[in-house]
Amino acid sequence: MKKFTRFFKHSFSNPWQVSRHFSKASLQRIESAITASEKKHTGEIRFVVEGGLHPFEIIIGKTPRERGIELFSLLKIWDTELNNGVLIYLLLADRDVEIIADRGIDKHVGYDRWDIICHDMEMLFRRGEFEAGVLQGIEEITAALEKHFPIDAIKNKRKKVIQRKKNELSDKPLIL
């Protein structure tokens, strides 16, 4: 029965439903929060929200974590210069958020801390506070990135302070 319920929820979830939880202004505030965050560290944050999975993916039992890892790869979040990209993936139909982090930051923070951040975000989502949940998650991820990848302390092989050359990943939320 649980699989049928999930199938039904995903079948009727699509990108336009994202707008029920995230207005254009809300998505702009999330983008601005990511931009402001990335001025404080050398990491890269990407936020992706998906209404629901394809019915076939539900039939085969794809989890939100598996989908998050798939998007982490497809969006090349693993390909940042310092291996410190972080994906915040929200699957609305399941009300599930996953944080997938590259090895550079993950070895410092670890799964347990990411799980706590996800739990805190999901608590706000349950109350219908989607924007607040995402902004809180960005704030907590920012603190971790500032601690382990501060903008003024990371040095390259030549021992020069790295100056951010470009934004490696888009700060704009991606709606699927």
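Would you mind pulling out the separation of the Cα centroids of the range 24-57 and the range 114-129, in Å?
15
Can you work out ³J(HN,Hα) from phi for every residue in the range 166-171, in order, using Karplus 6.51 cos²θ - 1.76 cosθ + 1.60 and θ = phi - 60°, giving whole Hz and x for Gly and Pro?
7, 7, 6, 10, 4, 8
With +1 on each Lys and Arg Cβ and -1 on each Asp and Glu Cβ, how big is the dipole of the chain about its Cα centre, in debye rounded to the nearest 20?
So the magnitude is around 400 debye.
With every protein chain in place, what's the accessible area of Asp79 (1.4 Å probe, Å², nearest 10)?
Answer for Asp79: close to 90 Å² accessible.
Apply the membrane-span-like helix rule to the chain: whole DSSP H runs, Cα extent along the own long axis of at least 18 Å, mean Kyte-Doolittle hydropathy at least -0.5. List the helices found.
What comes out of the filter, once short or polar helices are dropped, is 24-37, 130-148.
Using a 10 angstrom cutoff on alpha carbons, build the Gaussian network for the chain and name the most mobile of Lys40, Lys166, Lys107.
So, out of Lys40, Lys166, Lys107, the one fluctuating most is Lys166.
Report the FRET efficiency, 1/(1 + (r/R0)^6), for Glu81 and Asp120, where r is their Cβ-Cβ distance and R0 is 41 Å, rounded to 0.05.
According to the calculation, E is roughly 0.90.
For a Förster distance of 25 Å, can you work out the FRET efficiency between the beta-carbons of Leu74 and Phe12, rounded to the nearest 0.05?
Approximately 0.55, to the nearest 0.05.
Could you order the peptides 82-94, 50-62 from most to least packed, using the average number of other C-beta atoms within 10 Å per residue? Can you show the working numbers first?
Details: 82-94: 23.4, 50-62: 15.6.
Put in order of decreasing packing, that is 82-94, 50-62.
If you take the charge dipole of the range 1-47 about its Cα centre, with +1 on Lys and Arg Cβ and -1 on Asp and Glu Cβ, which of Ser23, Ala33, Phe7 is farthest toward its positive end?
The listed residue farthest towards the positive side: Phe7.
In a GNM of the chain with a 10 Å cut-off on Cα contacts, which of Glu140, Glu70, Glu44 has the highest mean-square fluctuation?
Highest fluctuation of the listed residues: Glu70.
Over the Cα atoms of the chain, what radius of gyration and what Dmax do you get, in Å?
16.5, 59
State which entries of Lys147/Lys172; Lys2/Lys107; Lys24/Lys166; Lys76/Lys147 exceed 29 angstrom in Cα-Cα distance in the structure shown.
Lys2/Lys107, as the Cα separations exceed 29 Å there.
The values are calculated or read from the model by the stated rules, or taken from the named source; none is laboratory data. Since the model is a prediction, treat every value here as computed from it, not as a measurement. Methodologically, a virtual Cβ is constructed for each residue, glycine included, from the backbone with ideal geometry; neighbour enumeration extends over all protein chains shown. Protein only, heavy atoms only, side chains kept; ligands, DNA and RNA dropped before computing areas. Shrake-Rupley method; radii C 1.70, N 1.55, O 1.52, S 1.80 Å.
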